[in-house]
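Colleague: Before I ask anything, let me first share the structure, which is written out below as structure tokens.
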Amino acid sequence: DMGEYQHYMLKEIYEQPSVIRRVIQNYLTDQKEIIKSELINEIKNSDRVYVLAAGTSMHAGYVGKALIEELVNIPVEVHIASEFAYHMPLLTKNPFFILVSQSGETADLRACLLNIKNKGFKTLTITNVKTSTLAREADFYLELFAGPEIAVASTKAYIAQIAVFAILANKIALNSIDIKSELNRVAVAIEIFLENQEISILAHEKLTKQNCFYIGRGLDYYTSLEAALKLKEISYIQTEGFAAGELKHGTIALIEDKTPVIALISNKDIALNTRSNLKETNARGAETIIITLESLKHKDDEIVLNDVNSFLAPMLMVVPTQLLAYYAALERGLDIDKPRNLAKSVTVE
Ligand code: F6R
């Protein structure tokens, strides 16, 4: 049931604060231990974690990589499932595998799992569907608690995936962060943004071309990949996510008058670098949008969000980009919940 919302996608975007609270409730408040000590030990004793996924789940995997490397200090590689299945990289001696999949049915991941199991290695599936094939076939699974995701474009599952990665990494790191209150802060920041957002106007005024770029550095680069996928899949605007510093090495040639370039800026150490990359595009006629946090804002920034822990900023920074995609598609009269050529779960390789 869509309730007051015109589309499932919009409903699912607005559900995100409650999804975060449900993840907190299940993992951090209730007495039951969802994350078994056996799983913690497997990860702790591994010399490298391999994260395998596709699409949006892979983008959550990139953020997961950053969280695990920073908090746990184990190297993490993220691989495209369909590549890993048939072009397996050289593995370390004690690898551990994390498969990330909203549906738990993605065929590319099932192909990976077969190969990994053949080699006798241990696996964890992070999924929204605990009865799914990938949940059943892995050694461990962690549930997202996002509730059924109906819209083809994934939103709330992505947020939940990052939350679960953060909780897992923090637990392995012996709770070095007060993760409960940091996640709560994200939920509140999303709520505050959603209450007052005027994204439809921005989408109308600035997303007027058939192409678009997102730029960011560090975690914001990962968010830019996800933001680009979301915009292209439902609005059919050709969009690329770029490491902000990389655009000038070739792709800036594509910037013309009114080409939208959207900068994601949540990290203070590199905020000015990204701003100067954006200025370069501005000088070539780009129509720019800045999405940033309160403590980093400059006058005239278009979208300013409340501050949150920088580790968790991707959960917040992605929300305006989901809405930009939604309103761009709405304005074009497209089938938002069922974009052309796409299926909710991709069960063929
Ligand atoms: C994008 C999207 C897809 C999925 C991908 C993986 O909005 O929905 O890119 O993320 O097909 O699906 P799961 O997570 O079910 O394995």
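The values are calculated or read from the model by the stated rules, or taken from the named source; none is laboratory data. None of the values given here were measured: they were computed from a predicted structure. Every residue, glycine as well, gets a Cβ built from its backbone with ideal geometry; the counts of neighbours run over all protein chains shown. What goes into the accessible areas is simple: the full protein's heavy atoms, side chains included, and nothing from ligands, DNA or RNA. Shrake-Rupley method; radii C 1.70, N 1.55, O 1.52, S 1.80 Å.
Colleague: Loop sites only, by DSSP: take the chymotrypsin sites (Phe, Trp or Tyr not before Pro) in the chain that have at most 14 other C-beta atoms within 10 Å and name the longest stretch containing none of them.
Modeller: Values: sites that count: Y5, Y86.
Here the longest segment lacking exposed loop sites spans 87-349.
Colleague: Using the eigenvalues of the Cα gyration tensor, what equivalent ellipsoid semi-axes result for region 19-159 when each is taken as the square root of five times the eigenvalue, whole Å, largest first?
Modeller: Taking √(5λ) for each Cα gyration eigenvalue gives 22, 18, 14 Å.
Colleague: What trypsin sites (Lys or Arg not before Pro) does region 85-138 have in DSSP loop regions with at most 13 other beta carbons within 10 Å?
Modeller: The qualifying sites are K93, K119.
Colleague: Let me ask something additional. Which whole-Hz ³J(HN,Hα) couplings does region 132-137 yield from phi under the Karplus relation 6.51 cos²θ - 1.76 cosθ + 1.60, θ = phi - 60°, glycine and proline marked x?
Modeller: 6, 4, 5, 5, 5, 8
Colleague: Oh, and also: May I have the pair-distance distribution P(r) for region 162-224, computed from all Cα-Cα distances with 5 Å bins from 0 and rounded to whole percent?
Modeller: Taking all Cα pairs of region 162-224, the binned fractions are 4, 13, 13, 16, 21, 13, 9, 7, 4, 1 percent.
Colleague: Quick one: which residues, 5+ away or cross-chain, put their amide H under 5 Å from the amide H of F145? H built at 1.01 Å from N.
Modeller: none
Colleague: Moving on. Report, to the nearest 10°, how far helix 107-118 tilts away from the longest principal axis of the Cα atoms in the chain, using its own Cα long axis and a range of 0 to 90°.
Modeller: Helix 107-118 and the main axis of the chain meet at about 30 degrees.
Colleague: Continuing with the same structure: Count neighbours as other Cβ atoms within 10 Å of each site's Cβ, and list the GluC sites (Glu not before Pro) in region 1-66 that are DSSP loop with at most 14 such neighbours. Let's see the in-between values first.
Modeller: Numbers: sites: E4, E12, E15, E33, E38, E42; in loops: E4, E15, E33.
Filter output for region 1-66: E4, E33.
Colleague: If R₀ is 45 angstrom, what is the calculated FRET efficiency for the pair E195 and M88, using the beta carbon separation as r and rounding to 0.05?
Modeller: Values: r = 47 Å, r/R0 = 1.04.
Using R0 = 45 Å, I get an efficiency of 0.45.
Colleague: Computed from the mean reciprocal separation of all distinct C-alpha pairs, what Kirkwood hydrodynamic radius does region 13-90 have, in Å?
Modeller: With all distinct Cα pairs of region 13-90 included, I get 14.6 Å.
Colleague: If you don't mind, another one. Counting heavy atoms of the protein chains only and a 1.4 Å probe, report the per residue accessible area for the chain as a whole number of Å².
Modeller: Each residue of the chain exposes 42 Å² on average to a 1.4 Å probe.
Colleague: Another question, if that's okay. Does anyone have the angle between helix 313-331 and the longest principal axis of the chain? Alpha-carbon axes, 0 to 90°, nearest 10?
Modeller: 60
Colleague: Right, next: Working with all protein chains in place, sort L264, L28, L114 by solvent-accessible area computed with a 1.4 Å probe, largest first.
Modeller: Result of the area sort, largest leading: L114, L28, L264.
Colleague: Right, something else. Grab the eigenvalues of the alpha-carbon gyration tensor for the chain, scale each by 5, take roots, and send me the semi-axes largest first in whole angstrom.
Modeller: Largest first, the chain gives 32, 21, 21 Å.
Colleague: Still on this model: Nearest 10 degrees, 0 to 90: what angle lies between the long axis of helix 271-283 and the longest principal axis of the chain (Cα atoms)?
Modeller: Helix 271-283 sits at roughly 40 degrees to that axis.
Colleague: Can you tell me, using C-alpha contacts under 8 Å and at least 6 residues apart, the relative contact order of the chain as a whole percent?
Modeller: Result for the chain is 19 percent.
Colleague: Heavy atoms only, probe 1.4 Å: what % of the accessible area of the chain goes to carbon and sulfur, would you let me know?
Modeller: Ligands and nucleic acids excluded, carbon and sulfur reach 48 percent.
Colleague: Before anything else, pin down the relative contact order of region 116-211: Cα pairs under 8 Å, at least 6 apart, normalised by residue count, whole percent.
Modeller: With pairs under 8 Å counted, the relative contact order is 15 percent.
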